[in-house]
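Chemist: Sharing a structure with you now.
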Amino acid sequence: MDLTTDCMGLKLATPLVVGAGPLGSELSGLRRIEDSGGAAVVLWSLFEEQISHDQDELDFYLQYGTERFPESLTYFPRSPEYHTGPEEYLNYISDAKKAVDIPIIASLNGFSSGGWISMAKQMQQAGADALELNIYFLATNPDITSQQVEQAYIDALLAVRRNVTVPVAIKLSPFFSAFASLARKLSEAGADGLVLFNRFLQPDIDLAELEVRPRLVLSNPAESRLPMRWVGILYGATKSSLIASSGLHSGQDVAKMILAGADAVQVCSILLKEGIEHLKTLRAELEEFMLLKQYDSLSQMKGVMSSRTLSEPAAFERANYMKTLSSFGRTMTFE
Ligand SMILES: Cc1cc2nc3c(=O)[nH]c(=O)nc-3n(C[C@H](O)[C@H](O)[C@H](O)COP(=O)(O)O)c2cc1C
């Protein structure tokens, strides 16, 4: 069975990419990812604040969640290296390249077009096979318009594009008023891949301490519906590769994304919960589905259920909203 896929010009052995985070932060983890059938790894993000040497506290990624998922403790790097500065990050890229053969994707998280953009060039020089930009910006200032926000995303991408020749993916949030238009503009500005979607950590109020605290909650499979819908809508509409992310927990979830039109998927939460070796289960479940439906290759099934190919494209657009709501209580089952 042929699971190979072309994603941003990278030839991947399977569509299973390990998403940015702690899973790829140790060389032993990278080897386990490769041995378990992970086709590429996105390293944790180097944050703009780390590049500008601002000692911002980024501890929330490390401190929250570990105690909630004891089985995942081994996958959370507890060493301070996870919070590396630029130099250590670059060294890690070259060590990672020596440790495994699968593509290593470096990740930059920021917003302003300052030092982190020149960092992109150094990441490529260190051996990164591709870059992923995670542009984190919450437009809380009412004087900033949606057009300005979108333009800032495009400018940041263009600036990175000018500095590197390796593929560049941009990891986006779904919170844009005209997402299809932005996706097309980013594609035209040179985004080789669109990662749909980033998952924001929402702060919570601690009632005992009366403090607002960051809180890491791992994803659940229902969250994959939003990226699946947008993959289905965007398939064939841009030349960027579509990389689905958020809530993919099973091989069936992966199959749905490929049918909707994804070129690859990223997984993170489920591997933190079940362990890196769960990649083997994802692969086996995907193959089982393909066998059942008589697909010999991933390319045969890619986009078969996209809005371009469905006889009823409205299924993705308004998701048969009225019909679904009016069927409530009669035929519909709900979770
Ligand atoms: C512990 C943890 C650390 C993460 N670190 C990063 C990061 O450094 N950069 C980034 O872009 N995304 C980061 N993410 C987000 C994941 O890459 C992914 O987009 C998100 O968790 C949704 O995928 P999932 O449902 O498979 O977890 C992190 C997620 C978790 C759970």
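Chemist: With respect to residue 119, is the statement that it is more than 21 Å from residue 240 (Cα to Cα) and touching a strand residue (DSSP E or B) at 6+ places or on another chain (Cβ under 6 Å) true?
Modeler: When the stated conditions are applied, residue 119 does not pass them.
Chemist: Can I ask one more? Hey, any hits in region 253-274 for a residue that's surrounded by fewer than 22 Cβ atoms within 10 Å (Cβ to Cβ) and small (Gly, Ala, Ser)?
Modeler: no
Chemist: Specify the residue that is nearest to the chain's Cα centre (by Cα); the eligible residues are those in region 168-185 that are crowded, with 22+ Cβ neighbours inside 10 Å and within 16 Å of the ligand (Cβ to nearest atom).
Modeler: Only one residue tops the list, namely 171.
Chemist: Can you confirm whether region 42-63 contains a residue that is closer than 12 Å to residue 103 by Cα, of a type outside the set (Phe, Trp, Tyr), modelled with pLDDT of 80 or more and within 16 Å of the ligand (Cβ to nearest atom)?
Modeler: yes
Chemist: Next up: For region 248-278, what are the residues that are part of a loop (DSSP other than H, G, I, E, B) and within 11 Å of the ligand (Cβ to nearest atom)?
Modeler: Answer for region 248-278, where residues must be part of a loop (DSSP other than H, G, I, E, B) and within 11 Å of the ligand (Cβ to nearest atom): 248, 249, 268.
Chemist: If you don't mind, another one. If you scan region 225-252, which residues turn out to be surrounded by fewer than 24 Cβ atoms within 10 Å (Cβ to Cβ) and either more than 19 Å from residue 170 (Cα to Cα) or among the polar types (S, T, N, Q) (or both)?
Modeler: Result: 225, 238, 241, 249, 250, 251, 252.
Chemist: Does region 209-219 hold any residues that are in contact (Cβ under 8 Å) with a residue 24 or more places away in the chain and either under 25 Å from residue 183 (Cβ atoms) or among the β-branched types (Val, Ile, Thr) (or both), and which are they?
Modeler: Correct list: 217, 219.
Chemist: Let me ask something else about it. Starting from residues that are small (Gly, Ala, Ser) and in contact with a helix residue (DSSP H, G or I) (Cβ under 6 Å, 6 or more places away or on another chain), keep the ones in region 19-28 and report whichever is surrounded by the fewest Cβ atoms within 10 Å (Cβ to Cβ).
Modeler: Across region 19-28, the extreme among qualifying residues is 25.
Chemist: I'd like the full set of residues that are touching a Ser or Thr at 6+ places or on another chain (Cβ under 6 Å), near the ligand (Cβ under 9 Å from one of its atoms) and of a type outside the set (Gly, Ala, Ser), limited to region 194-220.
Modeler: Those that are touching a Ser or Thr at 6+ places or on another chain (Cβ under 6 Å), near the ligand (Cβ under 9 Å from one of its atoms) and of a type outside the set (Gly, Ala, Ser): 195, 197, 198, 199, 218.
Chemist: Looking for something of a type in the set (A, V, I, L, M), in the same structural domain as residue 270 (by TED's automatic domain parsing) and crowded, with 19+ Cβ neighbours inside 10 Å - is there at least one such residue anywhere in region 203-222?
Modeler: No, region 203-222 contains no residue that is of a type in the set (A, V, I, L, M), in the same structural domain as residue 270 (by TED's automatic domain parsing) and crowded, with 19+ Cβ neighbours inside 10 Å.
Chemist: Another question, then. Restricting attention to region 221-246, which residues are within 16 Å of the chain's Cα centre (by Cα), farther than 19 Å from residue 315 by Cβ and either away from the ligand (no atom under 16 Å from the Cβ) or touching a residue at least 40 places away in the same chain (Cβ under 8 Å) (or both)?
Modeler: 240, 241, 243, 245, 246
The values are calculated or read from the model by the stated rules, or taken from the named source; none is laboratory data. Nothing here was measured: the structure is a model prediction, and the numbers come from that model. Virtual Cβ from ideal backbone geometry, glycine too; neighbours counted across all protein chains shown.
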